[in-house]
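**Q** Dumping the structure here so I can ask a few things about it.
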Amino acid sequence: MSLFLGELLIRALYKDNIVLFPRYFTDRWYGKFHLRRMRPNMEFTHRSVDGVYHFQTNNQGFRNNSPISYSKKPGEIRVLVLGDSHTFGYEVNQLETYAAVAEQRLRDQGINATVINAGLSGTGTGEQLVFLEQEGYKYQPDYIVLGFFENDFDDNQKAAFFKVSNDTLQLVKQEHLPGVKIQNFIYQFKLFHWLGEHSYLYNFTFNTIWDFFKTLSLKKSHRTEAEQVNTHSGQISEADQELEKLLLNRLYQQTKPYAKLIILDIPTYQGHSSVPSMMEKYFSASADTFFHYPLHELVFKRAGNTHVPHGQQHISASTHRIFGEQIAAYIAGTLAKQP
């Protein structure tokens, strides 16, 4: 009875402010690295005041409808998409992510394309680089898309796979599994699946605890108030800039032999570029193409809100669509130039 009354109270007071976004994480070993990933072969929903969004993960935990093997079919073009919850598409439906849009646009042009959505909430460039080097390359991508968002600077610090030492990138750890052990335990029980997708009291409690440990993790990375990321005004520590530069450089150098690198500048909640002005040239130099948000700002805003208005304000379906179309246009253009 107390739980029932608690559920009614939370719904009455906070329903419009609470999101029901279950984080179906689990773990997997990639060589010597122990990383988190989405739970494979899942079907679930996200709910907020903005709507209900349907999700499906394949056998590898990617947000794709079908299994994807390491080997490619003859004539198949593969695109591996890396990023955080914006890339995964926390507040859009399965076929509305920019990965899915790019795949459909390419297929509409007669290109046999498979676009792998390997986005994962809470990851930064460092964690995405580790995944690419240990697992992502095995899918033989011809193109790699990196969705960069402003909090990637913080996420690099929280995961702390790398540090800068004598102007070089140094690996310092091989595991990052925040909250995964408890999720592996509770998600053995179907009750918690149902609660995560339907109970406001459960999500209020879960999100409060989750946010507490996220804040604690950030504090452990020794970030001071003055060092917090404020990308659109250019306020970011030199240490964070240097780490991101070296991560991008390594990612670009690693992918050059087999794939073209596309970097997306995902707009901030305030409608600014996620890339600090002092790093714009470096992002351009560290990719085969860099879709810089300010150059396309009017296109995005004419299409509608760049982010969903409530919930956790992830990028909207219209923003995903434009990014997907840009990716497809670039890939189709490069393929047309090949002999």
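The values are calculated or read from the model by the stated rules, or taken from the named source; none is laboratory data. Because the structure is predicted, anything quoted here is derived from the model rather than measured. Don't worry about glycine lacking a Cβ; one is built from the backbone with ideal geometry, like all the others, and counts go over all protein chains shown.
**Q** Quick check on segment 182-192: of everything there that is without any contact (Cβ under 8 Å) to a residue 40 or more places away in the chain and either of a type in the set (Val, Ile, Thr) or in contact with a strand residue (DSSP E or B) (Cβ under 8 Å, 6 or more places away or on another chain) (or both), which residue is surrounded by the most Cβ atoms within 10 Å (Cβ to Cβ)?
**A** The residue in question is ILE186.
A quick yes/no check of all residues on (1) under 16 Å from the mean Cα position of the chain (by Cα); (2) over 21 Å from PRO267 (Cα atoms); (3) surrounded by 17 or more Cβ atoms within 10 Å (Cβ to Cβ):
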residue	(1), (2), (3)
ASN41	no, yes, no
HIS54	no, yes, no
PRO74	no, yes, no
LEU82	yes, no, yes
THR87	yes, no, yes
GLU103	no, yes, yes
VAL115	yes, yes, yes
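**Q** Outside any loop (DSSP other than H, G, I, E, B) and either among the polar types (S, T, N, Q) or at pLDDT below 95 (or both): does that describe SER318?
**A** Considered against the rule, which asks whether it is outside any loop (DSSP other than H, G, I, E, B) and either among the polar types (S, T, N, Q) or at pLDDT below 95 (or both), SER318 comes out as yes.
**Q** Given the options SER237, SER318, name the one that is under 27 Å from ILE18 (Cβ atoms), touching a helix residue (DSSP H, G or I) at 6+ places or on another chain (Cβ under 7 Å) and of a type in the set (Gly, Ala, Ser).
**A** SER318
**Q** Check LEU251, LEU261 and return the single one that is under 16 Å from GLY124 (Cα atoms), aliphatic (A, V, I, L, M) and under 19 Å from the mean Cα position of the chain (by Cα).
**A** Testing whether each residue is under 16 Å from GLY124 (Cα atoms), aliphatic (A, V, I, L, M) and under 19 Å from the mean Cα position of the chain (by Cα) leaves just LEU251.
**Q** Okay, next question. Given the criterion under 20 Å from the mean Cα position of the chain (by Cα) and on the phi > 0 side of the Ramachandran plot, identify the matching residue among GLY324, GLY311, GLY304.
**A** Answer to the check: GLY311.
**Q** Does any residue of segment 145-164 turn out to be touching a residue at least 24 places away in the same chain (Cβ under 8 Å), farther than 30 Å from ILE327 by Cα, over 22 Å from the mean Cα position of the chain (by Cα) and not in a helix (DSSP H, G or I)?
**A** There is at least one residue in segment 145-164 that is touching a residue at least 24 places away in the same chain (Cβ under 8 Å), farther than 30 Å from ILE327 by Cα, over 22 Å from the mean Cα position of the chain (by Cα) and not in a helix (DSSP H, G or I).
**Q** Mind checking whether some residue in segment 99-118 is assigned to a helix (DSSP H, G or I), hydroxyl-bearing (Ser, Thr, Tyr), on the phi < 0 side of the Ramachandran plot and modelled with pLDDT of 95 or more?
**A** No.
**Q** Can you tell me which of TYR330, TYR282, TYR252 is touching a Ser or Thr at 6+ places or on another chain (Cβ under 9 Å), aromatic (Phe, Trp, Tyr), within 27 Å of SER165 (Cβ to Cβ) and in a helix (DSSP H, G or I)?
**A** None of the others qualify; the one that does is TYR252.
**Q** Can you pull out the residues in segment 1-39 that are among the small types (Gly, Ala, Ser), loosely packed, with under 13 Cβ neighbours inside 10 Å and within 27 Å of VAL49 (Cα to Cα)?
**A** Scanning segment 1-39 gives SER2, ALA12.
**Q** Before we move on, is ASP50 closer than 27 Å to GLY124 by Cβ, surrounded by 12 or more Cβ atoms within 10 Å (Cβ to Cβ), among the acidic types (Asp, Glu) and modelled with pLDDT under 95?
**A** Answer is yes for this residue.
**Q** Which ones in segment 290-339 are of a type in the set (Gly, Ala, Ser) and more than 24 Å from LEU120 (Cβ to Cβ)?
**A** ALA303, GLY304, ALA329, ALA332, GLY333, ALA336, listed by residue number.
**Q** Considering segment 82-98 alone, what residues qualify as being part of a loop (DSSP other than H, G, I, E, B) and either under 13 Å from PHE148 (Cβ atoms) or at pLDDT below 95 (or both)?
**A** GLY83, ASP84
**Q** Moving on to the next point. In the set PRO257, PRO267, which member is outside any helix (DSSP H, G or I), modelled with pLDDT of 95 or more and surrounded by fewer than 21 Cβ atoms within 10 Å (Cβ to Cβ)?
**A** Being outside any helix (DSSP H, G or I), modelled with pLDDT of 95 or more and surrounded by fewer than 21 Cβ atoms within 10 Å (Cβ to Cβ) holds for just one of PRO257, PRO267, which is PRO257.
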